[in-house]
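Encoded as structure tokens, the structure appears first; notes follow it.
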Amino acid sequence: MFLNDTKHEAESKLLLLYIIDKFEITLTNNQITEFIMENELLNYFMLQQFLSELVDSALLEYIKNEDYYYYLITEKGKNTLNYFKDRLSKDLLEKIDVAVEKRKKVLLKETQISANYIKKSQNDYIVELKVVENDITLFDLKLDVVSNKQAKLICDKWKKKAQDIYGDIIKLLIE
């Protein structure tokens, strides 16, 4: 039984390395956890334990970047994955590939389009809308609005229609 548990742990860690490598972008703990839970691959506690062990064994790095921490597969992690990847079932890898591609599109959209607001005073909110592409800010607009309701509405619309709104603004400025 112990041998079977060890084999399952090793495969789960390989799977985590595969997922993080497959995304090809840095991932926060929350992003990894959401993906794992949505696809019912591991339970939360095992996931956190395995991530910690992968960092301790230098197969993953846990790096701070400005406001958040994220995971990055190391060269040692990539070599280990390439050497042992054939121990993971082809069906599972295909399922992961499809799920990663779907999720990657959502994550890229989330990182490229942002909308936030802060309360400045009683009836004064600052809304900041951004479009970022390849770490270059293409568009950054700050608005002063009079209510929390307006700030939320603007942020929600921006998140849903940023590409259209951004395109309309550029068009208006060029014409």
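The values are calculated or read from the model by the stated rules, or taken from the named source; none is laboratory data. Since the structure is predicted, the reported quantities are computational estimates derived from the model, not experimental observations. Every residue, glycine as well, gets a Cβ built from its backbone with ideal geometry; the counts of neighbours run over all protein chains shown.
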Seminar exercise, completed: Per the filter on region 17-33, residues touching a residue at least 40 places away in the same chain (Cβ under 8 Å) and surrounded by 15 or more Cβ atoms within 10 Å (Cβ to Cβ) are Leu17, Tyr18, Ile19, Ile20, Asp21, Lys22, Phe23, Thr26, Leu27, Asn29, Gln31
For this session: Being farther than 20 Å from Lys78 by Cα and β-branched (Val, Ile, Thr) is the filter here, so list the residues in region 28-67 that pass it.
Result: Thr33
Seminar exercise, completed: Note on Ser114: of the conditions (1) touching a helix residue (DSSP H, G or I) at 6+ places or on another chain (Cβ under 6 Å); (2) outside any helix (DSSP H, G or I); (3) of a type outside the set (D, E, K, R), unmet is (1)
Exercise. Just a yes or no: is a residue in region 138-145 more than 28 Å from the chain's Cα centre (by Cα), surrounded by 13 or more Cβ atoms within 10 Å (Cβ to Cβ), at negative phi and at pLDDT 85 or above?
Worked result: yes
Exercise. What tally of residues in region 68-110 results from selecting those that are of a type outside the set (Lys, Arg), assigned to a helix (DSSP H, G or I) and free of Cβ contacts under 8 Å to residues at least 24 places away in the same chain?
Worked result: 11
Problem set entry | Of the criteria (1) touching a Leu at 6+ places or on another chain (Cβ under 8 Å); (2) under 20 Å from Ile36 (Cα atoms), which one Lys104 fails | (1)
